[in-house]
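See structure below.
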Amino acid sequence: MNTSRRRLMQVSSLGAVAALAGLKGASQAFAAGEMKIGFIVKMPEQAWFINEQKAATEAGRSGDFIVVNLAGTDGSAVMSAIDNLSAQGAKGFVICPPDVRLGPAIYARATGANMKVVSVDDQFVSADGKPMPQVPHLGMSGYKIGQQVGQTIADEMKKRGWKPEEVAACRITDQELPTARERVAGATDALLAAGFLKANIFDAPQRTTDTEGANTASSPVFARHGTFKKWIIYALNEESVLGGVRASEQFHLGADDVIGVGINGTGAAFAEFSKPAPTGFFGTIAVSSALHGRQSAMNLVSWIRDGKEPPADTQTTGTLMTRDNWKQVKEQLGS
Ligand code: FCA
């Protein structure tokens, strides 16, 4: 909603409420119209987070709140984003933190400034490594979605008639991030249950959860295990799997030699599926980034407005998206 339209709405609700309930009610209606929240994300350039912030902003237009979108790429950026929000009179914020161990510091800064905080995607952990119960969370059901990745790869291996002893896995990992650990563990367990050989799984530890970080991590794995001519690639998200696929291409592995399956179902995957010829990126488990953005913002707003504390942990599910069905799935998920 643009400023003049918002002002108009405030003015008209002011008039209506004043007529019905006197001036006290009027000032409350005015305050509700002005409500501002923040939406801070760790990687503002990643399609997933762009969609989340966009959906939250749209929810604000119809729900009469303003969303200030900010980048929190590291601890100090997050702290200044919080200070910035506080100076603007924001009542709280949604955040996907750049490091989940910053949780206690972020929580302290938020409550110190009288703001409420909810996390999205990556859940805060306290000093003992456990989730912080004070901070409601909305994220993917990581382990289950990881299992879907593993199952999809296992099914495709079967379809291609690949024998377990001739296939290696490039498992792109981020051990510091619980979100990543859960998703990757789910995929590994499903693969092992389907007969994949544990000895053929090679780790590629990534420093950042994006394509570049994964590409750098994967290249040495392909270089070191060049005897394998058939590969599977999995990770916490599709950006990382794409990094692995790009690395495999440098070792002359093509669409017929690689099965990469990601998670997210956003622009990075659409671009890959739109290429004229298939690549080693076979599919991705799509989750609605729009729903994550909208729902987390609305949860926060109703907590601030009505004192309704959001559920402690909301977990969303995913749908397999491939070259064949990506447009339909995209449509269904509204992302
Ligand atoms: C993590 C990943 C993102 C996205 C999100 C839901 O934050 O880094 O790519 O998968 O979870």
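The values are calculated or read from the model by the stated rules, or taken from the named source; none is laboratory data. What you are looking at is a predicted structure, and each value in this text was computed from that prediction instead of being measured. Cβ: placed from backbone, ideal geometry, glycine included. Neighbour counts: every protein chain shown. Please note that ligands, DNA and RNA were not included when accessible areas were found on the heavy atoms of the full protein model with its side chains. Shrake-Rupley method; radii C 1.70, N 1.55, O 1.52, S 1.80 Å.
Counting only helices (runs of 4 or more DSSP H) that sit completely within the stretch 43-128, those holding 1 or more residues that are touching a residue at least 40 places away in the same chain (Cβ under 8 Å), within 14 Å of the ligand (Cβ to nearest atom) and open to solvent by less than 30 Å² (accessible area, probe 1.4 Å) correspond to 47-63.
Among the listed residues F196, F202, which satisfies the condition of being open to solvent by 20 Å² or more (accessible area, probe 1.4 Å) and either at negative phi or modelled with pLDDT of 95 or more (or both)? Exactly one of F196, F202 is open to solvent by 20 Å² or more (accessible area, probe 1.4 Å) and either at negative phi or modelled with pLDDT of 95 or more (or both), namely F202. Among the residues of the stretch 295-331, what is the count of those that are part of a helix (DSSP H, G or I) and over 15 Å from A55 (Cα atoms)? Within the stretch 295-331, residues that are part of a helix (DSSP H, G or I) and over 15 Å from A55 (Cα atoms) number 9. A290: within 15 Å of the ligand (Cβ to nearest atom), under 19 Å from I232 (Cβ atoms) and of a type in the set (A, V, I, L, M, F, W, C), yes or no? It is false that A290 is within 15 Å of the ligand (Cβ to nearest atom), under 19 Å from I232 (Cβ atoms) and of a type in the set (A, V, I, L, M, F, W, C).
Out of the strands (runs of 3 or more DSSP E) lying entirely within the stretch 157-267, which hold 1 or more residues that are more than 16 Å from the ligand (Cβ to nearest atom) and more than 28 Å from the chain's Cα centre (by Cα)? Passing ranges, in order: 167-173, 230-234.
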